[in-house]
Amino acid sequence: MLTKDLLRVSRAGGGYHPQFADESRERLAARVLGVYQGHVGETRADLQAALADLEGEAEDFKLVRGVAKLVEREATFETRAAVPPERARKRVFEAAEAVGVVTEAERAAAIDRAADRLGVDADATESSLYADLADRQVLTEVDARWTPAELVTQYNLSLAQTALFDATEVRVRSSDPKALVSAVKRLRLMYEIRATPAGREVIITGPDALFSNTRRYGTRFARLLRTVIKAAEWDLTATIDDRGTERELRLSDVDVSAPGTDPVAEVTYDSGVEADFAARFSALGLDWRLVREPEPLAAGEHVVVPDFAFEWAPGGDATVRDTTDPDAPFRVFFEVMGFWTPEYVAKKLDRLDAMDDVEMLVAVDESLGVGEAIEARDHRAIPYSGTVRVKDVRDALRPYESELVAESAADIPEELRPDADVVSLAALAAEYGVSEDAVEDKSFPAHERVGRTLIRPSVLDVLGDEIEAGMSLSDAQAVLDEYGVDDDSAVLARLGYRVAWTGLSGGTVRERADGSGENGASE
């Protein structure tokens, strides 16, 4: 982005048209680069004088300054002085106070006196006095990562961003709407998606634009352009508040591009409330996968992108992810309705009302007082204050979960005969693609259930022969590991043993005193 004083626009026809640089300006860009590269080792004052000469030769001095501003960001300046300037000033001022400087001779005497204390000559002392001022700093390096043509392209992007500083509303059509909406959310702008004959249009405003026109969010609109231009095809229309006059700015992929420009990606979540909830929910390890920014949902002539979706994934990875499986069997969508303006809340409620055949949970800030209105639209409202309680969301998901478990259990035979001699209920459920609840009530004729593990009786007999009282726990665990048994405690108890612990260093297998288990006997 450039500063507002370097903005070059035309207002012909009542519009707002950035004056982009074309290929003919590449020679000027090359000269600006050359000025910087030719002044490495010289002061900023000398560099600025050379740039001023170039401005005098050019047709538009703002163009020279704009290009120079971009190169300046890639330049490194250093303070070069025989002694640190602050130290030199301190000594000179102390000496001047002692001498009483009025005349030029007295000034020279003060500098000589300070130089003696600093251990350098008078010239070095005087040159060090103000070496840290901006115009006296020395250009030490220019990272010329752009060719003249690329520098012109970067200038055009920066000019377009600056033109958006005074935007009050931005409307974008993009071949990558999901990336666009994601960036809009990360920049904490307000938006709606409308279906038009030309395709989906994302309408973006600042949070307080519902009350009045505002320029507070212009820099966010400008940063959003970095993501907009990454799409293969896009066009943008912005309403500009040009000193009280409303003008229209239009841009497209023909006007602006910038290969290598990174899109907006600073913030993962729209708010701390969402980030906190996602972290706590994912830590539960449930059979629900939390999907960030799932696919858009139709809401009449508009489109809604919920904050999350809970995707039923029994036995799978239930961590947060950014993409969805289009073949996922079931999703419950989740929207976090924070402290929004009444007008924006009304728009959201209208969108919820227009969605058909969508299971939606809405966490709603209690201060909004719209929980009943959400419930009236057949969506579950979860009130919250400060943070969204995971328990409340968990309770809201349970009815769906019970139904899904029942459906998946109905598709599984009542008798299950796993091929493996030893298999956990979790592994068996994953094999069938269902939750553990769907298999644990089934019959297992060829296996005995021990804890959460199914074991063939013949394997239990072998384990009973190989494990005996007095064996160290580590040796017993080695035997169990050999047969793929993870549930040590349950299997040892089934065999009639307990563990006598020896501090924290380990334990010994002992017979259970109650005589339970096949090998149980009184001690």
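Just so you know, all these numbers are worked out from the coordinates, no wet-lab data involved. Computed from a predicted model, the values in this text were never measured in an experiment. Backbone-built Cβ (ideal geometry, glycine too); neighbour counts: all protein chains shown.
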In deg cm²/dmol, rounded to the nearest 500, the helical mean residue ellipticity at 222 nm of the chain, built from -39500 (n - 2.57) for every DSSP H run of length 4 or more, is -11500 deg cm²/dmol
So the angle from the long Cα axis of helix 457-466 to the longest Cα principal axis of the chain, reported in degrees to the nearest 10, equals 80
Result: in the chain the number of Lys pairs with C-alpha under 28 Å apart, spaced 8 or more or on different chains, is 14
Note on the stretch 422-511: alpha-carbon gyration tensor, axes a ≥ b ≥ c; rule is a/c under 1.5 for rounded, else prolate if a/b larger than b/c, else oblate; result prolate
With Rh as the Kirkwood radius over Cα pairs, the stretch 85-130 has Rg/Rh of 0.92
As a percent rounded to 5, the proportion of antiparallel DSSP bridges among beta bridges in the chain is 85
Residue by residue through the stretch 404-412, the couplings from Karplus 6.51 cos²θ - 1.76 cosθ + 1.60 with θ = phi - 60°, in Hz, x for Gly and Pro, are 5, 5, 4, 5, 5, 5, 5, 8, 10
Summed over the other residues with a beta carbon less than 13 angstrom from that of R173, with K and R at +1 and D and E at -1, the charge totals -1
To the nearest 10 degrees, the tilt of helix 342-354 (Cα long axis) against the first principal axis of the alpha carbons of the chain is 40
Amide H contacts under 5 Å for A313, restricted to residues at least 5 apart in sequence or on another chain and with H modeled in the peptide plane, are W288, R289
Measuring from the longest principal axis of the C-alpha atoms of the chain, the long axis of helix 26-38 (C-alpha) lies at a number of degrees, nearest 10, equal to 80
Counted neighbours (other Cβ, 10 Å), sorted fewest up, put K62, K348, K391 in the order K391, K62, K348
Computed over the chain, the Cα gyration tensor eigenvalues, each multiplied by 5 and square-rooted, give semi-axes in Å (largest first) of 66, 39, 22
Here, GluC sites (Glu not before Pro) of the stretch 378-455 satisfying both criteria (DSSP loop; at most 10 other Cβ within 10 Å) are E414
Expected sort for S158, S175, S24 with the fewest Cβ neighbours (10 Å cutoff) up front is S24, S175, S158
